[in-house]
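Q: Structure below; questions to follow.
Please treat every number below as a calculation from the coordinates, not as lab data. Just so we're clear, the structure is a prediction, and the values are computed from it rather than from any experiment. All Cβ positions, even for glycine, are placed from backbone atoms using ideal geometry, and neighbour counts span all protein chains on display.
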Amino acid sequence: MHAVDSSTYRWVAARHGAVPAGAPAHGREANGTPLWVCRATVDGGLYPGKVRPAFGAANIGYRGAEIKVANYEVLIDAGRWAAASGGEIPDDAEPFGHAATGERLYVVRAVLPGRGRHLGHIRPGSPAALIPYAGRNLEVTSYQVLIVSGRKPQVAVDAVRLPQTSGVTLPDFAAPPAARPATVPSSTPDA
């Protein structure tokens with residue numbers, strides 16, 4: 001593993017589910033298992049996603065599906081997060097990925113009720129963030145965006161409390177993935 005240059009955050013190359021020692025988790029499964037921010041090259045783009053050792057790869061949302069990519073980079077710095085919704089991208093967010101067309105992609109995290117706080121991305125002009133989960137790329141309208149300056153973090157990484165119940169029903173994940181991402185409302189805890 002080696003560090004990758006970045007002006008604001010540091011990324012370390014990894015593969016097959018490895019997470020660099022000391023990298024802080026930015027998300028969690030419902031059972032508390034940590035999730036790390038990652039990004040991986042897919043078809044000429046650099047897509048943000050999530051990784052944990054049990055995945056054996058980076059899990060990236062791409063073309064409506066959650067795909068596995070063996071080689072990726074892991075964010076090794078504590079992040080600063082700002083609450084957003086409905087397609088908003090804060091002014092102090094910086095793109096840490098891009099589509100093959102050059103379109104900017106921003107790192108996000110969102111609570112999936114009863115499923116934990118998961119990581120994904122948003123693109124300018126999109127009405128929702130995309131979170132890879134259960135083989136699909138879910139649209140989530142309330143999320144946090146990784147920022148680089150200005151505001152204080154919305155919540156401390158280890159102080160995240162997931163709601164016990166939110167009254168939101170998630171789609172049946174036993175069904176085959178649809179061509180279009182499913183829409184899942186999400187909640188972000190108050191700062």
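Q: V51: net charge of surrounding residues, Cβ under 11 Å, Lys/Arg +1, Asp/Glu -1, itself excluded? All intermediate terms of the calculation are to be shown ahead of the outcome.
A: Values: positive: R15, R39, K50, R52, K68; negative: E73.
My count for the surroundings of V51 gives +4.
Q: Follow-up. Under a Cβ-only charge scheme (Lys and Arg +1, Asp and Glu -1), can you give me the dipole magnitude of segment 21-131 about the Cα centre, in debye to the nearest 20?
A: 380 debye
Q: Considering the convex hull of the alpha carbon atoms of segment 46-92, report its projected area averaged over all viewing directions, in nm², one decimal. Write out the running numbers ahead of the final one.
A: Numbers: hull surface 18.9 nm².
About 4.7 nm², averaged over all directions.
Q: At 0.36 nm per residue, minus the direct Cα-Cα distance, what do A134 and R104 gain on full extension? Give it in nm, one decimal, please. All intermediate terms of the calculation are to be shown ahead of the outcome.
A: Numbers: separation 30, 0.36 × 30 = 10.80 nm, distance 2.47 nm.
This chain segment gains 8.3 nm when fully extended.
Q: Here is a further query. At 7 Å along Cα-to-Cβ for each site, give me the label-to-label distance between F55 and A70 in nm.
A: 1.7 nm
Q: Another question, if that's okay. Just subtract the alpha-carbon distance of S126 and A13 from 0.36 nm times their residue separation and send over the number in nm, one decimal. Write down the numbers at each step before the final one.
A: Numbers: separation 113, 0.36 × 113 = 40.68 nm, distance 2.86 nm.
Result: 37.8 nm gained on full extension.
Q: While we're on this one: Return one quarter of the surface area of the convex hull spanned by the alpha-carbon atoms of segment 3-159, equal to its mean projected area, in nm². Present the calculation step by step, with values, prior to reporting the outcome.
A: Numbers: hull surface 33.1 nm².
Result: 8.3 nm².
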